[in-house]
Amino acid sequence: MLLIPCPWCGPRPESEFRYGGQAHVVRPPDPSAVDDAAWGAYLYLRDNPKGRHAERWRHLHGCGRFFNCVRDTVSDRIVASYKPGEAPPS
Amino acid sequence: MGEAARFSFLSLLRHGLGKAWDRQWRDAQPKAAYDVVIVGAGGHGLATAYYLAKEHGIRDVAVLDKGWLGGGNTGRNTTIIRSNYLQPESAALYEHALKLWEGLAQELNYNVMYSPRGVLMLAHTRHDVQVFKRHVHANRLHGIDNEWLTSAQAKAFCPPLDVSQGVRYPVLGAALQRRGGVARHDAVAWGYARAASAMGVDIIQNCAVTGIARDAVGAVTGVETTRGPIAARRVGVATAGHTSVVMAMAGVRMPLESFPLQALVSEPVKPVMPCVVMSNTVHAYISQSDKGELVIGAGTDAYTSYSQAGGLHISRETLEAVCELFPSFRRLRMLRNWGGIVDTTPDRSPIVGLTPVPGLFVNCGWGTGGFKATPGSGHVFAATIARGEPHSIAAPFSLDRFVTGRLIDEAAAAAVAH
């Protein structure tokens, strides 16, 4: 079980959280302006990297808020967590 | 000496007295070029190579693996076989596989220990009952066996099952596919490897693909590997959980997420489980191997990972469910648990077919249930590679369905909650 650092509540066990998939996936501002390939890519294509991954989590059984984590998908070690709207640490 | 004599009682006796067994397939060294390169020597990749050689006469084939043959999900799954999927496209694909399973040991002259002992899927809520009955009716319309059992009939079919109604999730009934069952997962890889190798296919282990080479118009010209470049105009990717990583080498983003999926086995006991039991609602699936171990499948972790190990709380949840369904198993100790990396698609259906890169083919997205499809997957993927166009059964499972929106939703039939 991961120990996940919520930016508001501090480190809490994974069972308090809900995983939200890849972070920073931007919805096309005008969906009718993009073609099927671009819309399909927004809906379905994901990086799924072996290594550093920026991802969304929600502290469902805590403060209820969304935030982002950078995690290594091989070691599962969480490198950083940060608030929505912030850029991922380099 | 004929093939049949190789594993006779006499040969067993002779080898039991100290004679070493011969290699069952050649330990091939990579050549500079092949007609077709298959990436991934798991069940799907080996089956693909076998059917390329057998049905399409394409024998100049290499199957590359970064580790050892059958060392990924082929050797890590819970060996369950069934074809009771909901949508017509899936029913056709999985039933194609099931029909091949029925003759596979004879086809390969290798005992894959296919055992159609019945797969029982438990319904615990009114919603489950409605969904499973819908599956039963849909399957029967497609000519696929599936039947509805009351809880008493389920108890008669699987005596260790507790069907008392006072528990948290009582068994309200079950869907039974009698032709479903299990097979020996390693034997499937070995059988396909031996048969493919005998027809000239090179199986090259410890040979990781590090790049996909392309020409000026973007078509595939070969692969870069840890054992040097290998030229091929057709490359088939069958790398399960690592598909996104391999496809990224050709600049193709995939609609996949890779999750760890766990399984575990108990200490071996005398025969107690006559069939396979699956429960989506309490999340457990269980059968008994011929060695006597109870083989138990747990769920996926909540987050994507390549760690090949899952969280302990995931398998704990499954064991709690197993103990409630089968009170007599409570005192069993678990011997081992492990994880495999499964690649899941948004609609829980696989992707088999062409890619935007000419000469590059992909067979992935089998998620938590790829083992059951092994022969059918290899068969239609081989045809797709040989002809350069999708096999009719594979056609609906194209990568571009994520552009057209023609998804094949099997979230209910895929059994494992993702």
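Side notes on the structure shown:
- With respect to the conditions (1) surrounded by 14 or more Cβ atoms within 10 Å (Cβ to Cβ); (2) touching a residue at least 24 places away in the same chain (Cβ under 8 Å), A:His61 falls short on a single one, namely (1).
- Within segment B:250-265, restricting attention to residues that are within 17 Å of the chain's Cα centre (by Cα) and among the small types (Gly, Ala, Ser), the residue that is nearest to B:Met334 (Cα to Cα) is B:Ala263.
- Yes/no for B:Leu407 being open to solvent by 50 Å² or more (accessible area, probe 1.4 Å), in contact (Cβ under 8 Å) with a residue 60 or more places away in the chain and away from chain A (no Cβ under 14 Å): no
- A:Asp30 vs. criteria open to solvent by 50 Å² or more (accessible area, probe 1.4 Å) and closer than 21 Å to B:Pro255 by Cα: no
- The set of residues in segment B:219-269 being basic (Lys, Arg) and within 13 Å of chain A (Cβ to nearest Cβ) consists of B:Arg253 alone.
- Count of residues meeting criterion [surrounded by 17 or more Cβ atoms within 10 Å (Cβ to Cβ) and either more than 16 Å from the chain's Cα centre (by Cα) or more than 14 Å from chain B (Cβ to nearest Cβ) (or both)] in segment A:6-22: 3
- Just one residue in the set B:Gly173, B:Gly191 is on the phi < 0 side of the Ramachandran plot, buried (at least 19 other Cβ atoms within 10 Å of the Cβ) and not basic (Lys, Arg); that residue is B:Gly191.
- Criterion violated by B:Arg23 - all others in (1) open to solvent by 50 Å² or more (accessible area, probe 1.4 Å); (2) touching a residue at least 12 places away in the same chain (Cβ under 8 Å); (3) not aromatic (Phe, Trp, Tyr) satisfied: (2)
- If the condition is being farther than 20 Å from B:Gly367 by Cβ, in a helix (DSSP H, G or I) and open to solvent by less than 20 Å² (accessible area, probe 1.4 Å), then segment B:280-328 contributes B:Ala321, B:Val322, B:Leu325.
- Residue within segment B:342-362 that is assigned to a helix (DSSP H, G or I) and away from every other protein chain (no Cβ under 14 Å) present: no
Per-residue answers, yes or no, for (1) touching a His at 6+ places or on another chain (Cβ under 8 Å); (2) closer than 23 Å to B:Ser307 by Cα; (3) of a type in the set (Ser, Thr, Tyr):
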{"residue": "A:Gly10", "(1), (2), (3)": "no, no, no"}
{"residue": "A:Gln22", "(1), (2), (3)": "yes, yes, no"}
{"residue": "A:Pro28", "(1), (2), (3)": "no, no, no"}
{"residue": "A:Ser32", "(1), (2), (3)": "no, no, yes"}
{"residue": "A:Asp36", "(1), (2), (3)": "no, no, no"}
{"residue": "A:Arg46", "(1), (2), (3)": "no, yes, no"}
{"residue": "A:Gly51", "(1), (2), (3)": "no, yes, no"}
{"residue": "A:Glu55", "(1), (2), (3)": "no, yes, no"}
{"residue": "A:Arg58", "(1), (2), (3)": "no, yes, no"}
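- Residue among B:Ala216, B:Ala154 that is small (Gly, Ala, Ser), surrounded by 19 or more Cβ atoms within 10 Å (Cβ to Cβ) and without any contact (Cβ under 8 Å) to a residue 60 or more places away in the chain: B:Ala154
- Flag for A:His53 being more than 11 Å from every other protein chain (Cβ to nearest Cβ), more than 18 Å from B:Gly405 (Cβ to Cβ) and touching a residue at least 24 places away in the same chain (Cβ under 8 Å): no
- Qualifying residue in segment B:174-195 (condition: assigned to a helix (DSSP H, G or I), touching a strand residue (DSSP E or B) at 6+ places or on another chain (Cβ under 7 Å) and more than 22 Å from B:Pro350 (Cα to Cα)): yes
- As for segment B:106-129, it holds at least one residue that is open to solvent by less than 50 Å² (accessible area, probe 1.4 Å), at positive phi and at pLDDT 95 or above.
The values are calculated or read from the model by the stated rules, or taken from the named source; none is laboratory data. It should be emphasised that the depicted structure is a prediction, and the values quoted were computed from it without experimental measurement. Note: ideal-geometry Cβ built from the backbone for every residue, glycine included; neighbour counts use all protein chains shown. Accessible surface areas use protein heavy atoms only, side chains included; no ligands, DNA or RNA. Shrake-Rupley method; radii C 1.70, N 1.55, O 1.52, S 1.80 Å.
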